[in-house]
Amino acid sequence: GCYAEGGSISGNWFVGGLVGSNYGTITNCYSTGTVSGTDWAVGGLVGYNGGTISKCYCSSDVTGHGGEYEGSLGLGGLVGVLGWGATITNCYSTGSVSGDYWVGGLVGVCWGTISDCYANGSVSGDYWVGGLVGDNVNEWGNLGVTTTSFWDIETSGQT
């Protein structure tokens, strides 16, 4: 496995506590600290995931406000944006997430598949905010898939 502990990461696009953009396989990894981004795909572990993530966790606090499009888009406690055909399995997130659009405790935008995961950090945002996933459908009507996963409604502040 791999890890990133206690750091402070900031950027604009594709910002992650461990990896900015993933198209491979990440297994048995974790990150802690803080992650902030101003535009698209900001995640505690990975900014944009187009591959496979399994058996990972993140306790990083994730924030994103402002940016080129008058707001940060796609912020998640573990992954900012989960791409088509990509997967997240047996993972969890415990950090807080705060952003503008498409904000989720685990994943900000889900176009792939999430299974056997949970999130229990506080979550806040302006539009499309969820305890587990902020947005689960894209502009073309493709739905992401989430199975046997949950979030804590008390700690997240999201019902």
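The values are calculated or read from the model by the stated rules, or taken from the named source; none is laboratory data. None of these values were measured; they are calculated from a predicted model. No Cβ is skipped: glycine too gets one built from the backbone with ideal geometry, and neighbour counts run over all protein chains shown.
Here are a few things to note about the model shown:
- Condition check for residue 35: surrounded by 17 or more Cβ atoms within 10 Å (Cβ to Cβ), touching a Gly at 6+ places or on another chain (Cβ under 8 Å) and under 17 Å from residue 83 (Cβ atoms): no
- Single match in 137, 81 (criterion: within 15 Å of residue 42 (Cα to Cα) and of a type in the set (A, V, I, L, M, F, W, C)): 81
- When segment 129-159 is filtered for residues that are aromatic (Phe, Trp, Tyr) and either modelled with pLDDT of 95 or more or more than 22 Å from residue 35 (Cα to Cα) (or both), the ones remaining, listed by number, are 140, 150.
- Exactly one residue out of 42, 103, 19, 46 is under 17 Å from residue 144 (Cα atoms) and touching a strand residue (DSSP E or B) at 6+ places or on another chain (Cβ under 7 Å): that is 103.
- Residue check, residue 48 touching a residue at least 24 places away in the same chain (Cβ under 8 Å) and surrounded by fewer than 20 Cβ atoms within 10 Å (Cβ to Cβ): no
- Qualifying residue in segment 66-89 (condition: of a type in the set (S, T, N, Q), surrounded by fewer than 24 Cβ atoms within 10 Å (Cβ to Cβ), closer than 14 Å to residue 108 by Cβ and without any contact (Cβ under 8 Å) to a residue 60 or more places away in the chain): no
- Complete set of residues in segment 103-121 that are among the hydrophobic types (A, V, I, L, M, F, W, C), surrounded by 24 or more Cβ atoms within 10 Å (Cβ to Cβ) and assigned to a loop (DSSP other than H, G, I, E, B): 106, 117
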